[in-house]
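One structure below.
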Amino acid sequence: MSSLVHGRLSYVLRRDTYAMVVLARGDTEVASWPLTGQGRPDLAVVDELMRLRLAARRLGCSIRLCEVCGELSELLDLLGLSEILGFEAGGETESSEQVGVEEVVMPDDPVT
């Protein structure tokens, strides 16, 4: 196979991993798989995720995303879908933090 054909074939077959999708029933993980595509994640990827979520709900399950790439995280955050898909945009929370609770720092508070 010529290098030109091989180069084009590898480009067509190359898949980027956007996130890991986890299917769960209650607290039990049933399955997981990589969410892949070519190039930057777009609205077609979001549509696929929402269809997966609907199918999972019909089966009494839920999906959540792990290891979400920055571009998909930003897109889901922009669309307001981060919490619906079971992750917080901008990375994971620290173990001592509660999701959705913002810490307020007063300018004259001593550092602890």
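In the stretch 17-73, what count of residues is obtained for those that are of a type in the set (Val, Ile, Thr), in a strand (DSSP E or B) and within 15 Å of residue 85 (Cα to Cα)? Of the residues in the stretch 17-73, 3 are of a type in the set (Val, Ile, Thr), in a strand (DSSP E or B) and within 15 Å of residue 85 (Cα to Cα).
Just one of the numbered conditions (1) under 17 Å from residue 21 (Cβ atoms); (2) surrounded by 10 or more Cβ atoms within 10 Å (Cβ to Cβ); (3) among the charged types (D, E, K, R); (4) modelled with pLDDT of 55 or more is not true of residue 92: (4). Among residues of the stretch 70-84 being among the hydrophobic types (A, V, I, L, M, F, W, C) and over 15 Å from residue 22 (Cα atoms), the one that is nearest to the chain's Cα centre (by Cα) is 72.
The values are calculated or read from the model by the stated rules, or taken from the named source; none is laboratory data. Predicted model, so just to flag it, every value in this text is computed and none were measured. Note: ideal-geometry Cβ built from the backbone for every residue, glycine included; neighbour counts use all protein chains shown.
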